[in-house]
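Peer 1: This is the structure I have questions about; it appears just below.
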Amino acid sequence: MKYSYTPTTGIKISKLAVGGMSFGKPAMKTYRWILDEEQTDRMVQHALSLGINFFDTANVYGMGTSEEYIGNSLKKHQIPRDQVVLASKVYFNHGRLSKKAINREIDGTLQRLGTDYLDLYIIHRFDYDHPIEETMAALNNLIKEGKVRAIGASAMYGYQFQNMQHIAEQNGWHRFVAMENHYNLLYREDERELIPICKQDGVMLMPYSPLASGHLTRPTWEGHSKLNATDTSQRAKYDYAKQQDMPIVDRVAEVAAQHHVKMSQIALAWQWAKGIVAPIVGATKTQYLDDAAKATDIDLTPDEVKYLDELYTAHEIVGALDQNPVGMLPKDVK
């Protein structure tokens, strides 16, 4: 496994993160494909055996059971806390990113994970209901209290991220060191604003959905897994653009054949070639983690990256929200 560091913190992370959305007790029909506690334990321990030390979850995944299952696995096998990097998120909860909500939710997250601190605490979306100053002050206080080592943000518009960074800088508060945004070969809208802002400011990029919900792992658009059959949110993310995206999928298959590797490995190698630090892989089988770990040895040439890039056309925004959801979750999650 290859490693990097979270900016300004010295936190050593593997070049892959394990996505916790694959773990937990399915609280909604959309997520009937996620893994139970025994399966989660197997996946967590297999990741560690591969040298993957970075785990990303959220208070909302499995309604908290993702955090619980990961924490139980680490405790069961007596994994020293300093050997893992734990990230979780806050926003899809009552009170969004208010001071009260942040203070409540971090305590719940720490309890479920069985730890007294998080390495990285990420705001899951931009909050339209509460002042930026309130959110950034609350996050800064968590670092001062020792509950969080560093903070990050997830899918939002570039100007929102920059505004939040600016408010933190103005007040002498801790700034975001990581961005977890939606980014892959089939969705590159953040290359226009958000990613350049992050690179300019030295913010680590750790995208979710690097394999586009499986569309970059096979030569056909439709899959046959339980996820493909039940996950309405992944269909909402990608199906509308099938016609414009299939030629890109074809090129991934072509480059994979040339390298004698799997399509998923080319899709991940493209991420690192683009300056991504740690793409988040949501694996449901140990083999998928094996494949992802082997992908760290693949180096794409500039010409190959250009070949994979050149067919991309503009997409609808998927990830950043124009307003807070009416309920707790986006409308495509049932």
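The values are calculated or read from the model by the stated rules, or taken from the named source; none is laboratory data. Predicted model, so just to flag it, every value in this text is computed and none were measured. Virtual Cβ from ideal backbone geometry, glycine too; neighbours counted across all protein chains shown. Accessible surface areas use protein heavy atoms only, side chains included; no ligands, DNA or RNA. Shrake-Rupley method; radii C 1.70, N 1.55, O 1.52, S 1.80 Å.
Peer 1: Tell me which of these GLY152 doesn't satisfy, since it passes every other one: (1) outside any helix (DSSP H, G or I); (2) open to solvent by less than 40 Å² (accessible area, probe 1.4 Å); (3) out of contact with any strand residue (DSSP E or B) (no Cβ under 8 Å at 6 or more places or on another chain).
Peer 2: (3)
Peer 1: In addition: Of all residues in the stretch 38-89, which are among the hydroxyl-bearing types (Ser, Thr, Tyr) and assigned to a loop (DSSP other than H, G, I, E, B)? Steps first, please.
Peer 2: Taking the stretch 38-89 first, the residues among the hydroxyl-bearing types (Ser, Thr, Tyr) are 40, 49, 57, 61, 65-66, 69, 73, 88.
Of everything in the stretch 38-89, just one residue is among the hydroxyl-bearing types (Ser, Thr, Tyr) and assigned to a loop (DSSP other than H, G, I, E, B), namely THR57.
Peer 1: If only one of VAL18, VAL60, VAL44, VAL90 is of a type in the set (A, V, I, L, M, F, W, C), more than 28 Å from GLY275 (Cα to Cα) and crowded, with 22+ Cβ neighbours inside 10 Å, which one is it? Lay out the reasoning, then the answer.
Peer 2: Working: VAL18 fails: more than 28 Å from GLY275 (Cα to Cα); VAL44 fails: more than 28 Å from GLY275 (Cα to Cα); VAL90 fails: more than 28 Å from GLY275 (Cα to Cα).
Result of the check over VAL18, VAL60, VAL44, VAL90: VAL60.
Peer 1: Could I ask something else about it? Only residues that are part of a loop (DSSP other than H, G, I, E, B), in contact (Cβ under 8 Å) with a residue 60 or more places away in the chain and among the small types (Gly, Ala, Ser): list them for the stretch 292-330, please.
Peer 2: ALA314, GLY319, ALA320
Peer 1: Quick check on LYS199: is it charged (D, E, K, R), touching a residue at least 60 places away in the same chain (Cβ under 8 Å) and open to solvent by 40 Å² or more (accessible area, probe 1.4 Å)? Spell out the reasoning first.
Peer 2: Numbers: charged (D, E, K, R): yes; touching a residue at least 60 places away in the same chain (Cβ under 8 Å): yes; open to solvent by 40 Å² or more (accessible area, probe 1.4 Å): yes.
Answer is yes for this residue.
Peer 1: While we're on this one: Give the residue, chosen from GLY158, GLY114, that is farther than 23 Å from ALA17 by Cα and over 16 Å from the mean Cα position of the chain (by Cα). Give the derivation first.
Peer 2: Numbers: GLY114 fails: farther than 23 Å from ALA17 by Cα.
Just a single option satisfies the conditions, and that option is GLY158.
Condition check ((1) surrounded by 19 or more Cβ atoms within 10 Å (Cβ to Cβ); (2) more than 16 Å from ALA101 (Cβ to Cβ); (3) among the aromatic types (Phe, Trp, Tyr)) across all residues:
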site: ASP119; (1), (2), (3): yes, yes, no
site: ASP127; (1), (2), (3): yes, no, no
site: HIS130; (1), (2), (3): no, no, no
site: GLU134; (1), (2), (3): no, no, no
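Peer 1: It is to be established whether one or more residues within the stretch 207-222 are surrounded by fewer than 20 Cβ atoms within 10 Å (Cβ to Cβ), at pLDDT 95 or above and among the hydroxyl-bearing types (Ser, Thr, Tyr).
Peer 2: No, because not a single residue in the stretch 207-222 is surrounded by fewer than 20 Cβ atoms within 10 Å (Cβ to Cβ), at pLDDT 95 or above and among the hydroxyl-bearing types (Ser, Thr, Tyr).
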